[in-house]
1. Would you tally the residues in segment 25-65 being assigned to a helix (DSSP H, G or I) and farther than 15 Å from THR89 by Cα?
2. Check off (1) surrounded by 13 or more Cβ atoms within 10 Å (Cβ to Cβ); (2) modelled with pLDDT of 85 or more; (3) over 15 Å from ILE3 (Cα atoms) for VAL73 and give me the number that stays unchecked.
3. Out of the residues in segment 2-32 meeting the condition of being surrounded by 13 or more Cβ atoms within 10 Å (Cβ to Cβ) and basic (Lys, Arg), tell me which one is nearest to LEU81 (Cα to Cα).
4. Those residues that are basic (Lys, Arg) and either modelled with pLDDT under 85 or part of a helix (DSSP H, G or I) (or both), I need them from segment 76-101; list them, please.
Amino acid sequence: MGIQKCKNCGTKFKYKDLLKSVLPAEAGYIKCRNCGTSHQITRLSSFIMSALILAPMFLMISLTASRVLRLSVFAVWVVILGALSPYITRYKLKDSDKNKE
């Protein structure tokens, strides 16, 4: 797993652009700075990221009774996962850009 490249021209996406693309305001889309092609997060990547966020939360409920400890561990986990998300998420060409080719 590494930083993904544009499916159209092969330009590597910037880490900060990928990081911004996973935020709700960006709705899972990224645009290539070289050719302008739009990409969207694949459904599998969305599912994997959701599972990676939610699964530990459910595991911690059964492992510890301290609410503060659970929230602290969960907050650290979300920060780590957020930092790694550009390496985990995969993108595909947006449907409207496939039709242009």
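1. 11
2. The single condition VAL73 does not satisfy is (2).
3. Among residues in segment 2-32 that are surrounded by 13 or more Cβ atoms within 10 Å (Cβ to Cβ) and basic (Lys, Arg), the one nearest to LEU81 (Cα to Cα) is LYS20.
4. Our first condition is that a residue be basic (Lys, Arg); within segment 76-101, this holds for 90, 92, 94, 98, 100.
Scanning segment 76-101 gives LYS94, LYS98, LYS100.
The values are calculated or read from the model by the stated rules, or taken from the named source; none is laboratory data. Bear in mind that the values here come from a model prediction, so they are computed numbers and not experimental data. Please note: Cβ atoms are built from the backbone with ideal geometry, for glycine as well, and neighbour counts cover all protein chains shown.
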